[in-house]
Amino acid sequence: MINHISELFGRQINSLELSPTIKQNAMVTFRPAIIITKGKIRCARCHAKLKPVEARLPYHHYYCYVCIQMGRMDTRHSLATFPEPNKFPVIESPMSWQGKLTDLQQQCANQIVKIFEKRQRHLLWAVTGAGKTEMLFPAISWAVSQRLRIGIASPRVDVCIELFPRIQSAFKKVSSILLHGKTKQPYQYSQITICTTHQLLRFYHAFDVMVIDEVDVFPFSGNDMLHYAVQNAIKPGGGILYLTATPDDVLMHKIKRKEISVSYLPIRYHGHLLPTVKIVKNQHLKRLVDQGRLPKSILQMINRLVKQKQRFLLFVPRIRDLTLVSSALEKANINCTYLTVYSADPQRLEKVTAMRSQTVDFLITTTILERGVTFPGIDVMVLKADDEVFSASALVQIAGRVGRNSARPTGQVILYCETKSKTIKSCDRQIKEMNRRAREIK
């Protein structure tokens, strides 16, 4: 229940959630949650066009089945909102971060400030490990000093959870909040909001400037509902910065049509090149994994890494492979500690923390950890890298988990496969092209 008007600033909330006092506020506006015109039914929150048969409720009412995970919208209630007032204090020197950007990072950071100032739409295409978060700090600092409201969103919960403490630490004087499906803390009006892209469905003309991280990743890429949520959450004429290391076809099309501007950073913050991939073919790899077995060479590599205390991530394409690979390791009697993790794993966050705190030797994971998480000094192995689950961009991102720390800027990326597929070749080619561009500016 919303009892304080600030909880409604720049948001769109089911009127059922408002206290009687808030409902009586003259500044609160109401609009239909479900719009019915000429027999067509559309959700006002997520903009989904609804099928009458699937959306029908008793007594000629309808609900939205598309965004129901965010709370039900139906014809019996309205969407309530309060205009964003930018009710923030003036903060002198809002940035507490004392780090230093490289010359190339500083150039990108200066450009982001100008993008925010002019409220432009821009893509920063930067390699994995380029230090994108730190490059945002000057622009965030400028926006805070102007009493603007800032939104930072990502499709992945893991990305938001890792990003939030870094933003908090860099802007200790500034109010900030983390929002995702598993958030336990109550909502509070804040100047900086870090959230999953799904959470943007609860905002309406709230943000003056917004950053969308990992724009090419599921579930944001190709999702009309989430793209609508972004456009709805930002103020008309607001600025948007898109961040990615692997832009999808939609973004490339927007760049060609000059709908958004673009800048490119092909080198990591520590100046080292991206680790290149080692492609290892294994006959009958798929059949062996399906039998709960692994080739001797892969088992030897795992055993060697464990004995060397070299921590790593072992990627598999499908959830069922987690159990099969675990079975193969048990049969091999390798003395190691590991955990398996996948997107719907109820202990996913705890397992990532265990890996980060070095209480396990490695994680066996699906593509859920392909991006947005950093484990310093790790290696990476990918089983069945030629599986259709692994796109070229996913393999590039997976390779990007290696060498992110200046203390160990190199490492192994091993792709195990039966055939050198188009996606594997594309991944190899993209990394080599990025490194070629990086050499030109070193």
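The values are calculated or read from the model by the stated rules, or taken from the named source; none is laboratory data. Just so we're clear, the structure is a prediction, and the values are computed from it rather than from any experiment. We place every Cβ from the backbone using ideal geometry, glycine too, and count neighbours over all the protein chains shown. These area figures cover heavy atoms from the full protein model, side chains too; ligands, DNA and RNA do not enter into them. Shrake-Rupley method; radii C 1.70, N 1.55, O 1.52, S 1.80 Å.
Here are the numbers:
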| read-out | value |
| --- | --- |
| Order by protection proxy (mean Cβ within 10 Å, highest first), peptides 241-252, 297-308, 209-220 | 209-220, 241-252, 297-308 |
| Disulfide-incompatible cysteines by the Cβ rule (no partner under 4.7 Å) in the chain | 108, 160, 195, 336, 417, 427 |
| Linear extension gain, residue 90 paired with residue 261, 0.36 nm per residue minus alpha-carbon span | 58.5 nm |
| Assigned charges on the beta-carbon of Lys, Arg, Asp, Glu; the chain dipole about Cα centre (debye) | 460 |
| Subset of 172/309; 23/87; 182/309 violating a 26 Å alpha-carbon distance limit | 172/309; 182/309 |
| Heavy atoms of residue 357: accessible area, 1.4 Å probe, square angstrom to 10 | 70 |
| Counted charge near residue 349, where neighbours are those whose Cβ lies closer than 13 Å (Asp, Glu -1; Lys, Arg +1) | +2 |
| Region 346-439: C-alpha gyration tensor shape, a/c 1.5 cut-off, then a/b vs b/c | oblate |
| Solvent exposure ordering (accessible area, 1.4 Å, most first) of 60, 180 | 60, 180 |
| Stretch gain in nm, segment residue 60-residue 224, where the contour uses 0.36 nm per residue and the Cα spacing is subtracted | 56.3 nm |
| Set 114/432; 184/331; 132/235; 184/307; 331/425 screened for pairs whose C-alpha atoms are more than 29 Å apart | 114/432; 184/331; 184/307; 331/425 |
| Region 78-159 - charge dipole about Cα centre, Lys and Arg +1 at Cβ, Asp and Glu -1, debye rounded to 20 | 240 |
| Whole-Å distance, taken between Cα centres, linking region 73-97 and region 1-40 | 14 |
| Share antiparallel - DSSP beta bridges, the chain, percent rounded to 5 | 25 |
| The chain: most fluctuating residue of 71, 403, 39 per GNM, C-alpha cutoff 10 Å | 39 |
| Among 378, 22, 150, residue whose mean-square fluctuation peaks in a GNM of the chain (springs only between Cα atoms under 10 Å) | 22 |
| Sum of side-chain charges, residue 265 neighbourhood, beta-carbon under 11 Å (Lys, Arg +1; Asp, Glu -1) | +3 |
| Dimensionless Rg/Rh of region 200-350 - Kirkwood Rh, Rg from C-alpha atoms | 1.09 |
| In region 85-141, the GluC sites (Glu not before Pro) that fall in loop regions by DSSP, at most 10 other Cβ within 10 Å | 92 |
| DSSP-defined antiparallel bridges as percent of all bridges, region 249-386, nearest 5 | 0 |
| Helix-only mean residue ellipticity at 222 nm for the chain, each DSSP H run of n ≥ 4 adding -39500 (n - 2.57), per residue, nearest 500 | -9500 deg cm²/dmol |
| Relative packing of 193-200, 423-430, 347-354, which averages over residues the other C-beta atoms within 10 Å, highest first | 193-200, 423-430, 347-354 |
| Per DSSP, loop trypsin sites (Lys or Arg not before Pro) in region 1-98 with at most 12 further Cβ within 10 Å | 38, 87 |
| Where chymotrypsin sites (Phe, Trp or Tyr not before Pro) fall in DSSP loop in region 296-371, at most 15 other Cβ within 10 Å | none |
| Computed FRET value (nearest 0.05) for residue 319 with residue 183, which takes r as the C-beta separation and R₀ as 22 Å | 0.30 |
| Solvent exposure, largest accessible area first (probe 1.4 Å, DNA, RNA and ligands not counted), of 59, 269 | 59, 269 |
| Solvent accessible area, Å² - residue 125, 1.4 Å probe, full protein context | 60 |
| Dipole axis of the chain (+1 Lys, Arg; -1 Asp, Glu on Cβ), positive-most option in 405, 157, 185 | 405 |
| Positive-pole candidate from 59, 322, 6, dipole of the chain, charges at beta carbon | 322 |
| Point-charge dipole on Cβ atoms (K/R +1, D/E -1) for region 377-425, about Cα centre, debye to 20 | 220 |
